[in-house]
1. Taking the Cα centre of each part, how many Å lie between segment 97-146 and segment 152-220?
2. What does the convex hull of the Cα atoms come to per residue for the chain, in Å³?
3. If each residue of separation counts as 0.36 nm, what is the full-extension length gain between LEU52 and MET85 once their alpha-carbon separation is subtracted?
4. Taking segment 95-136 on its own, what percent of its Cα-Cα pair distances exceed 15 Å?
5. Among ILE94, ILE80, ILE71, determine the one that fluctuates most according to a GNM of the chain built with springs between C-alpha atoms less than 10 Å apart.
6. How big is the dipole moment of the chain about its Cα centre under a simple scheme where the beta carbon of each Lys and Arg is +1, that of each Asp and Glu is -1, and everything else is neutral? Debye, nearest 20, please.
7. Per residue of the chain, what 222 nm ellipticity follows from adding -39500 (n - 2.57) for every DSSP H run with n ≥ 4, rounded to the nearest 500?
8. Under the definition of Cα pairs under 8 Å and six or more residues apart, what whole-number percent is the relative contact order of segment 2-247?
Amino acid sequence: MIITIANQKGGVAKTTTSAAFAAGLRQKGYKVLAIDLDPQGNLSDNVGADNLEKPTIYELLKNEVSINDTIQKNNQFDIIPSNIMLAGLEKEIIAELGKEQRLKESLENNDYDYIIIDTPPALGLLTINAFTASDEVIIPTTAGIFSASGITQLYDTIRNVKKYCNSNVKINGILITKFNPRSNNNQDMKNLISKLAEYIDAPVYKSFIRNSVVIEEAQTRKVDIFSYKKDSTVATDYSQFIKEYLSR
Ligand SMILES: Nc1ncnc2c1ncn2[C@@H]1O[C@H](COP(=O)(O)OP(=O)(O)O)[C@@H](O)[C@H]1O
Ligand SMILES: [Mg+2]
């Protein structure tokens, strides 16, 4: 199963969700690979992957190395890291046929149970490669920054990928993140959920992720939230979300 975590807005917890989801699935005994498809390399940094000396997703997408050369084993999950070189890829391959299929082709014949793809805050060629390679998309969003035009654009991009590149891809659900019970009340939440349902043909998960300092503490220590503080609100929220995802 290949799952992309996407939203063209920055700061909505795409990277945090990718890491928690990958670590949680791995701790359930699945074989998990995370792919950092963001030139900012936040996911790579959060798990302490080497994205300077070793080959990254950039070399893989340019067909310069094989997938096994790029996978790094980590105590959290296996990862293909990225770095800023990836920012130039779109221009380098713009005139090439099949440029949307690069990632899909690289992932053929793998033996992972789950591949989780973290994407940049944009709907360009990298994110389109992720949608083309994926079975499912999960959309994290915060209650604060909801915009109807943003969500419509994202939905249209997925529909176009479905039409031209990958008829299988579908949105599995929308995950509300960084929820703050003090500034976001239940009414905000209900409004957000009904707006989302209006603009996008996908369910909103019942589970949502609360705000917590534990996220940044764990990221600084380069450990996953479950190993860091299994009983924290945010570790509980993410395990609840994973349970809900697996029960679908
Ligand atoms: N539930 C949360 N509670 C508190 N901070 C969070 C939470 N989720 C994410 N963050 C923080 O918000 C910032 C943006 O999250 P990130 O996952 O990098 O978003 P994106 O990948 O969408 O840009 C990071 O500093 C991260 O540590
Ligand atoms: Mg990110």
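Just so you know, all these numbers are worked out from the coordinates, no wet-lab data involved. Just so we're clear, the structure is a prediction, and the values are computed from it rather than from any experiment. A quick note on method: Cβ atoms are made from the backbone with ideal geometry, for glycine too, and the neighbour counts reach across all protein chains shown.
1. 16
2. Measuring per residue, one finds 118 Å³ for the Cα hull of the chain.
3. 10.9 nm
4. 41
5. In this elastic network of the chain, the residue with the biggest mean-square fluctuation among ILE94, ILE80, ILE71 is ILE94.
6. Values: 28 positive and 30 negative charges, 184 e Å.
Roughly 880 debye, rounded to the nearest 20.
7. -12000 deg cm²/dmol
8. 24
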